[in-house]
Amino acid sequence: MKKTSFIAFLIFCFSAYLSAQQNPTKSELISIIQKVNDYWQNTHTDPGNPFWDNAAYHTGNMEAYYITKNEEYRKYSEKWAQQNNWKGATSNDKSKWKYTYGEKPEYVLFGDWQICFQTYADLYNLTPDSQKIARAREVMEYEMNTSQNDYWWWADGLYMVMPVMTKMYKITGNPLYLEKLHEYFLYAKSIMYDPKTKLFYRDAKYVYPKHKSVNGKKDFWARGDGWIFAGLAKVLQDLPKDYKYRGVFEQHYRDMAKAIIKHQQKEGYWTRSMLDPNHAPGYETSGTAFFTYGLLWGINNGYLKEKKYLPAAMKGWKYLSTTALQPNGKIGYVQPIGEKAIPGQVVDANSTANFGVGAFLLATSELVRFTDKK
């Protein structure tokens, strides 16, 4: 062997060794999932109501179940669904149903009360029983037969409800789910989308220049764009290959991925205001976890080139596993419930939340799938 070839061979071996040291194994990742999820469930024995924050956790819990096959995780979501009677908001008087923001029983058409239907659909697919999706069908099919198209007026709603539409289409075969998916998405885009950056504002209140960051920049809230990016991944997972508007969702997904990696911090996280790191500086887990999940999903499913996007995904994972993850299994640095990046808001290692844990479980489960492929 020539000397230059031998040196090249040694460099290759050393690089492979370093890569092996940096990338976690499947068993290591599953141990992390179990540590995090066991901590959450052991400290939250009551799985709570079906509002968005609890329901967002369950979207991650179900992914943890698919990866680990731990029946306790499925049972936890089943218990949650049963104690909430497989419903979101509970009003049965359709004349009073509303879809502006509201936490009372009549806000049945508000997407924060509909995200629970994602997990109900998942549980139905495991063990079909019409009772599990009866309320989902009643609510969504009523909604789709109204003349309104402005149901998704805030970024979070695209994660909350878009995957409900695709999951319910797969179960029922009703084409209205896919027609309204596109119609409602176009409305959301019309009031929140910034074509120059390819990102979404949290809602119409935050559109530039009406609203600016403290340094006069466009203010894109990381968790808000994280909701949308993760939601697009979930939608593409379930959309039929021949769906006539599939290209719309694929293009937005790819455009967002390209935009997102431009604004990652060197430590792997994304700041709460994506384009203005000094607006609300410091670690934040929920947006970072959703972005990491979305990037890994795209790599795993052939939408994103590994060479370009894997470094960003792994930097995100490094932050999640070494900074966000606490020794006892708690997930820290989760910005509390809100709708924007808030200057001066304290987000530290003790800042945790159900939706942040769900996002962490999504990202880690998707990394297991990537590791499996390798």
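Taking the radius of gyration and the Kirkwood hydrodynamic radius from Cα positions alone, what is the Rg/Rh ratio for the chain, to two decimal places? List each step's numbers first, then the result.
On the way: Rg = 20.7 Å, Rh = 21.1 Å.
That ratio equals 0.98.
The length gained by stretching the chain between Arg254 and Thr127 to full extension, at 0.36 nm per residue less their Cα-Cα distance, is 42.3 nm.
Against the chain, whose longest principal axis comes from its Cα atoms, helix 156-172 is set at around 70 degrees.
Taking the Cβ of Gly216 as the centre, find all other residues whose Cβ is under 15 Å away and add up their charges (Lys, Arg: +1; Asp, Glu: -1). Can you show the working numbers first?
Working: positive: Lys210, Lys212, Lys217, Lys218; negative: Asp219, Asp276.
So the surrounding residues net to +2.
Mind putting a number on the dipole of the chain about its Cα centre? Charges go on the C-beta only, +1 for Lys and Arg and -1 for Asp and Glu, and I need it in Debye to the nearest 20. Each step should come with its number before you reach the end.
On the way: 48 positive and 37 negative charges, 285 e Å.
Dipole of the chain, to the nearest 20 debye: 1360 debye.
In terms of packing, defined here as the mean over residues of other Cβ atoms within 10 angstrom, the peptides 345-351, 215-221 line up highest first as 215-221, 345-351. Each residue of the stretch 49-62 is assigned a 3J(HN,Hα), and the resulting list reads 7, x, 6, 4, 5, 5, 5, 5, 4, 5, 5, x, 4, 5 Hz, derived from the Karplus form 6.51 cos²θ - 1.76 cosθ + 1.60 (θ = phi - 60°), x at Gly and Pro.
Helix 354-373 and the long axis of the chain differ in direction by around 50°, with both axes built from C-alpha atoms. Mean residue ellipticity at 222 nm, helices only, the chain: -18500 deg cm²/dmol; runs of at least 4 DSSP H residues each add -39,500 (n - 2.57), and the sum is divided by the number of residues. With the simple model of a label 7 Å out from the Cα in the direction of the Cβ, Glu28 to Lys170 spans 3.1 nm.
Fewest neighbouring Cβ atoms within 10 Å first, the residues Trp297, Trp40 line up as Trp40, Trp297. The label-point distance for Gln345 and Asn145, in a model that sets each label 7 Å from Cα toward Cβ, rounds to 4.0 nm.
Remark: the stretch 87-98, residue by residue, has Karplus-estimated 3J(HN,Hα) of 10, x, 5, 9, 4, 9, 8, 4, 5, 10, 5, 10 Hz, where x stands for each Gly or Pro and the curve is 6.51 cos²θ - 1.76 cosθ + 1.60 at θ = phi - 60°.
Go ahead and run the numbers for FRET between Tyr245 and Lys69, Cβ-Cβ distance against an R0 of 45 Å, rounding to 0.05. Can you show the working numbers first?
Numbers: r = 35 Å, r/R0 = 0.77.
According to the calculation, E is roughly 0.80.
Every number in this text was worked out from the coordinates using simple rules, so none of it is lab data. This one's a predicted model, so the numbers in the text were calculated from it and none came from an experiment. Please note: Cβ atoms are built from the backbone with ideal geometry, for glycine as well, and neighbour counts cover all protein chains shown.
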